[in-house]
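Below is one structure, written out as structure tokens; comments come after it.
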Amino acid sequence: MAADQIALHNRVMETRKPTCLQGHFIGLDLEHVSYEAIYLPVRTDNGGMQVIGGLYDLAEGASK
């Protein structure tokens, strides 16, 4: 999963285009969680690129 996140952040910085994801977290001792995430490219003070991201838990029964 870490390699996928690194690749996603690199793509956002290279293309300078926002990316949105939707999915489900399922794991040991974790409940099923639906989420939406957004990743935004931003330029730093010294001209480099970084990614700002946000993750939103979609409560069960929430409309899409």
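Every read-out reported here was derived from the displayed coordinates using simple, explicitly stated rules and does not represent laboratory data. Source: prediction; values computed, not measured. As a convention, Cβ positions derive from the backbone with ideal geometry for all residues, glycine included, and neighbour counts pool all protein chains shown.
Look at region 10-39: where a residue is among the polar types (S, T, N, Q) and a partner is exposed (fewer than 11 other Cβ atoms within 10 Å of the Cβ), sitting 6+ places away or on another chain with Cβ atoms under 6 Å, you get 34/24. Restricting attention to region 20-44, the residues being in contact with a helix residue (DSSP H, G or I) (Cβ under 7 Å, 6 or more places away or on another chain) and either farther than 16 Å from residue 1 by Cβ or among the aliphatic types (A, V, I, L, M) (or both) number 1.
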